[in-house]
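Taken together, the values in this text are just the output of simple stated rules run on the coordinates, not laboratory data. Just so it is clear, the model here is predicted, and its values are computed rather than measured. Heads up, the Cβs are rebuilt from the backbone with ideal geometry, glycines too, and the neighbour counts pull from every protein chain shown.
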Amino acid sequence: MSLIAVLPRHYRAIVLEVLVAFPDATVWVEHQRCSDFSEAGPLTQHGIAHMRDFEVRTDSGIPILGFHDHPREMWINADFPTLAERLANAGHVKIEF
């Protein structure tokens, strides 16, 4: 799998945008499926900043976006370039080359 490296700015907004683009996607936090997308759940700016393993996957299990170790190492699957552009145009990420 080829990756697009991105520098995230708004963690929660990124996740919510991906879920809008892929409504059947699943979110995985620390190797466990997460279904609480509320502001009281783990997917807050502060919560995501302290995660070590995070992925959003298609309903068939293909990784869309994620990071391992730190959110500053976020990537987007290169099979989804329009998502990377959408997030960059919204100001949520900066695409790194």
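Where in the range 1-62 are there strands (runs of 3 or more DSSP E), lying fully within it, with 3 or more residues that are free of Cβ contacts under 8 Å to residues at least 12 places away in the same chain and over 23 Å from Asn89 (Cβ atoms)?
32-34
Go through the range 63-97 and count every residue that is surrounded by 15 or more Cβ atoms within 10 Å (Cβ to Cβ) and either polar (S, T, N, Q) or not in a loop (DSSP other than H, G, I, E, B) (or both).
Within the range 63-97, the first condition is being surrounded by 15 or more Cβ atoms within 10 Å (Cβ to Cβ), and the residues that meet it are 63-67, 71, 74-77, 80, 83-84, 86-88, 92-93.
Remaining after also requiring either polar (S, T, N, Q) or not in a loop (DSSP other than H, G, I, E, B) (or both): 63-67, 71, 75-77, 83-84, 86-88, 93.
Looking only at that region, the number is 15.
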